[in-house]
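The values are calculated or read from the model by the stated rules, or taken from the named source; none is laboratory data. Nothing here was measured: the structure is a model prediction, and the numbers come from that model. Note: ideal-geometry Cβ built from the backbone for every residue, glycine included; neighbour counts use all protein chains shown.
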Amino acid sequence: MLWTEKYRPKSIDDVIGNNKEKKEIQQWLDQWKKGNPQKPLLLVGSAGIGKTTLAHLIAEQFDESIELNASDKRSQDEIMKTVGESSSSMPLFSQFYKCIILDEVDGIHGTNDRGGVKAINEVIKKSKHPLILIANDFYSKRLTTIKTKCQVIKMKKIRSPSINKLFKKIAEEEGVKADPEVLKELSKKAGGDLRSALNSFQAISDENKTLEKEDIENISSKDDRSTIINAVTVVMKSKTPSNVKKALITEEDPNLIMEYIAENVPREYKKKKEIQKAYENLAKADLYLGRAQQSRNYGYWKYATDYMGVGVANSKDETYRKFTKITSPTVFSKMRKNKGKKNLRDKIAEKMSEKMHISNAVAISMFPYLKIMFENDELAWEISDFLEFNDEEIKLFRKKKIPKNVIRKMEKQKNQIRESKKEKYREKISEKIIKETGELAKNEVEDIESVIETQKEITKIEKKTQQNYKKEEDKFKIKNPKKTVENKKETKEKLVEDSKKDDKNKNEKSKQTSLFSF
Amino acid sequence: MSGPLVEKYRPQTLDDIVGQKSIIKRLQKYVGEKSMPNLMFTGPAGVGKTTTAIALVKTILGDYWRQNFLELNASDARGIETVRNNIKNFCRLKPVNAPFRIIFLDEVDNMTKDAQHALRREMEMYTKTASFILSCNYSSKIIDPIQSRCAIFRFAPINGESMIKRLKYICKHQKIKYEDEGLENIVYFAEGDMRKAINILQSCASEGEKVTEESVYEVVSKARPQDVNLMITSALSGDFMKARDLLKETMIIQGTSGEDMITQIYTDVSKRVYDGKMNSDIYIELIDAIADCDFRIREGANPRIQLEALLTKFL
């Protein structure tokens with residue numbers, strides 16, 4: 001039987017560590033028992049410190065319990081189906097509480113558990129029953145909406161003396177002869193994770209009922225951060241290939257290890273030749289990591305590890321006798337810090353690409369020129385008006401804001417230009433309307449039979465008038481070419497008037513047709 | 001009232017396009033026939049590929065060009081999804097008041113091979129309703145099946161004469177004072193790239209003074225990325241940490257891509273040789289390293305690590 005099961009605490013008091021938090025939970029529980037509904041409980045903390053155990057112990061205090069954890073599908077429908085209905089309903093006459101446990105809330109999957117977070121929020125809102133949520137990462141994105149509605153209890157890692165105490169007790173009960181020092185070491189290696197400590201304790205004492213120092217050397221300590229720094233330290237300090245190779249056997253992503261080594265090479269190595277050689281090896285390591293990723297053939301990783309490990313370690317002439325603090329890669333912090341700036345830049349590039357038919361890359365290549373252009377207040381306004389930049393975006397190109405009087409002046413100018421453009425457009429439109437309505441009138445006229453005859457006459461007259469005003473035109477051309485247009489109209493109208501008959505339609509018609517004829 | 005001059009003086013009709021005479025002549029035939037095959041415009045940046053495409057579209061499609069025209073440039077999402085959905089849906093519809101519809105894909109060489117393959121089928125499936133205009137910098141990056149479906153037009157860098165003519169035209173309309181030497185200098189720095197030329201011109205003019213040889217030089221040196229120069233200088237002087245910090249700065253903060261960094265480093269180093277500040281032994285050694293680095297980055301290595309390694313060679 002697994003010890004983690006066998007020695008699982010039977011009551012809340014049995015739970016090791018987190019005494020303050022336990023008290024808080026007890027209070028919460030007491031209030032429920034008195035019939036005062038409380039906010040849901042949100043237990044957060046790293047793995048193996050007893051969150052789930054605690055939740056189950058609490059649940060035992062109520063009449064009934066339901067649990068939903070990562071092994072269940074937790075989409076919106078699923079959650080509403082299993083806990084949604086029952087959470088909001090209550091027996092009429094008795095006090096009957098059903099404890100609902102939602103384990104691993106931060107592990108709700110984005111696509112497979114669609115709407116899961118929304119459903120949990122819903123359950124929290126409606127629930128009349130005690131609700132316990134459990135999560136590992138307090139800062140998980142999925143918890144942002146949830147944690148405001150809950151009583152948050154942050155559970156701490158279990159301190160090694162407490163673990164040690166438990167181990168002594170277990171060793172006695174199981175009849176394991178263990179060196180006290182070894183037990184101490186073992187509880188330290190756990191890094192606050194009781195479950196993993198207990199598992200490894202059982203694993204090594206199952207074979208023989210004695211526990212010695214050599215036994216725990218096989219157990220790698222769980223805390224990953226120390227191992228990566230360990231590995232890098234060995235690469236920096238050692239020249240023995242076997243040690244380096246051993247140190248690099250970790251569960252870490254080789255890309256991360258490479259970043260760490262690269263960051264620390266010039267901090268540790270001082271000779272140019274050494275740095276060059278080390279980087280040559282790193283570049284090769286990187287090449288194989290890239291190839292591994294592209295071809296999905298992760299067998300290449302071993303060469304990469306050798307290049308970045310033994311290769312880099314071997315690049316130094318001899319070990320530097322000095323204390324080295326391993327620095328974590330600055331790239332990540334830089335990336336985080338500059339995310340906002342990068343977003344701003346991309347937003348600007350996007351605006352430009354839309355207006356100017358260019359790609360983001362080309363837009364960014366234009367930035368230096370824009371910076372120069374933006375030194376001029378008016379031009380700065382014009383360009384940002386054209387590209388619809390806001391104040392924040394303008395700031396990327398110039399430190400000072402565009403002066404207000406310049407803005408006012410430019411806006412006035414813009415309005416003027418706009419007005420004149422409108423005016424021109426109106427003229428154009430009205431011309432068009434005159435044309436179209438004229439054609440319409442023409443059609444109407446054609447419909448009337450009686451007009452046909454008169455029309456014939458009109459055409460005759462028109463021919464005459466045309467001939468006449470051609471003559472007139474010739475005369476005017478010689479005299480004053482600019483006036484011809486005006487005079488043309490006049491003469492035309494005169495002629496039309498001359499040929500005027502009683503029919504009104506006719507008159508209109510003739511005017512229009514004559515208008516078209518030139 | 002103009003905003004960027006590059007936009008204001010973008011030629012609107014085929015006749016206005018600078019340089020590229022023979023290409024325009026051939027394109028005008030399509031306008032007359034009211035039909036055109038799929039076209040591919042290839043050539044360096046700023047020689048008028050996009051401009052020609054848009055002008056052509058406007059003349060062929062007439063007043064309703066906006067309704068019958070789809071433009072996708074490199075910053076739009078152009079994965080297989082887009083090709084399968086957006087482009088397909090666009091092609092399927094009947095043209096409105098126009099002989100056919102036109103899809104303009106800018107910088108096709110930046111599309112993935114998969115997306116290009118998805119495109120090739122569409123190019124021949126909808127020949128009745130739609131025509132494609134593709135533009136790219138390097139036609140070699142386009143898969144063969146697409147190239148064979150297109151009439152390929154190669155745009156040459158714009159020659160100095162036509163460039164100066166255009167710049168003078170802009171100066172006249174914008175009331176910019178200039179000296180001939182100034183414009184010649186712009187042409188020299190623009191290297192056949194009209195967009196760059198106009199940007200330099202507007203930058204010079206923004207200070208409100210005459211465009212002279214000196215003012216052009218000042219603008220160009222101001223606009224040139226300084227960090228790379230400084231980075232190489234500090235690496236050459238042995239300060240690797242500083243050089244590395246500058247590298248991270250430019251790559252992360254300014255977001256310069258690895259390939260661009262390589263180009264800039266190469267330009268800077270070769271300029272040093274031009275100016276006699278570096279002897280040829282060192283130069284050829286560095287070129288060896290740069291070329292190798294370039295190759296590795298294109299092969300899919302992490303550009304930052306490779307560039308850091310490259311910097312150690314400068315020490």
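Here are the numbers for the structure shown:
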read-out: Filtered residue count, segment B:216-246, keeping only those that are crowded, with 18+ Cβ neighbours inside 10 Å, farther than 26 Å from residue B:190 by Cα and more than 10 Å from chain A (Cβ to nearest Cβ); value: 4
read-out: Neighbours by Cβ (under 6 Å, 6+ apart or cross-chain): first from segment A:250-270, within 10 Å of residue A:232 (Cβ to Cβ); second modelled with pLDDT under 90 and of a type in the set (D, E, K, R); value: none
read-out: Pair list, Cβ < 6 Å and 6+ apart or interchain, from segment A:355-375 residues that are surrounded by 20 or more Cβ atoms within 10 Å (Cβ to Cβ) to residues that are part of a loop (DSSP other than H, G, I, E, B) and of a type in the set (Phe, Trp, Tyr); value: A:370/A:397; A:374/A:397
read-out: Residue count for segment B:102-117, restricted to those that are surrounded by 24 or more Cβ atoms within 10 Å (Cβ to Cβ) and not hydrophobic (A, V, I, L, M, F, W, C); value: 1
read-out: Wholly within segment B:7-111, helices (runs of 4 or more DSSP H) carrying at least 1 residues that are within 25 Å of the chain's Cα centre (by Cα); value: B:21-33, B:49-61
read-out: Residue satisfying all of: in segment A:285-298; under 20 Å from residue A:250 (Cβ atoms) and modelled with pLDDT of 90 or more; nearest to the other protein chains (Cβ to nearest Cβ) among these; value: A:286
read-out: Qualifying residue in segment A:263-276 (condition: at the interface with chain B (Cβ under 8 Å from one of its Cβ atoms) and aromatic (Phe, Trp, Tyr)); value: no
read-out: Complete set of residues in segment B:269-315 that are within 13 Å of chain A (Cβ to nearest Cβ) and part of a loop (DSSP other than H, G, I, E, B); value: B:299, B:300, B:301, B:302, B:315
read-out: Single unsatisfied condition, residue B:122 versus (1) assigned by TED's automatic domain parsing to the domain that holds residue B:71; (2) among the charged types (D, E, K, R); (3) assigned to a loop (DSSP other than H, G, I, E, B); value: (3)
read-out: Residue within segment A:401-414 that is more than 12 Å from chain B (Cβ to nearest Cβ), outside any helix (DSSP H, G or I), more than 29 Å from residue B:251 (Cβ to Cβ) and among the basic types (Lys, Arg) present; value: yes
read-out: All positions within segment B:160-192 that are assigned to a loop (DSSP other than H, G, I, E, B) and either surrounded by 13 or more Cβ atoms within 10 Å (Cβ to Cβ) or touching a Phe, Trp or Tyr at 6+ places or on another chain (Cβ under 6 Å) (or both); value: B:176, B:179, B:191, B:192
read-out: Flag for residue A:338 being free of Cβ contacts under 8 Å to residues at least 12 places away in the same chain and either closer than 18 Å to residue A:228 by Cβ or of a type outside the set (A, V, I, L, M, F, W, C) (or both); value: yes
read-out: Every pair of residues 6+ apart whose Cβ atoms lie under 9 Å, when the first sits in segment A:403-419 and is free of Cβ contacts under 8 Å to residues at least 60 places away in the same chain while the second is in a helix (DSSP H, G or I) and among the aliphatic types (A, V, I, L, M); value: A:406/A:380
read-out: Qualifying residue in segment A:295-308 (condition: surrounded by 18 or more Cβ atoms within 10 Å (Cβ to Cβ) and among the charged types (D, E, K, R)); value: yes
read-out: Residue count, segment B:202-215 (criterion: over 19 Å from residue A:367 (Cβ atoms) and either surrounded by fewer than 16 Cβ atoms within 10 Å (Cβ to Cβ) or facing chain A (nearest Cβ under 9 Å) (or both)); value: 4
read-out: Qualifying positions in segment A:237-247 - under 39 Å from the mean Cα position of the chain (by Cα) and either surrounded by fewer than 23 Cβ atoms within 10 Å (Cβ to Cβ) or under 20 Å from residue B:296 (Cβ atoms) (or both); value: A:245, A:246, A:247
read-out: Matching residues in segment A:356-384 - criterion: being more than 22 Å from the chain's Cα centre (by Cα), within 7 Å of another protein chain (Cβ to nearest Cβ) and part of a helix (DSSP H, G or I); value: A:356, A:362, A:368, A:369, A:372, A:373, A:379, A:382, A:383
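Quick grid of which residues meet (1) farther than 30 Å from residue A:413 by Cβ; (2) among the β-branched types (Val, Ile, Thr):
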site	(1), (2)
B:9	no, no
B:23	yes, yes
B:34	yes, no
B:45	yes, no
B:52	yes, yes
B:58	no, no
B:68	yes, no
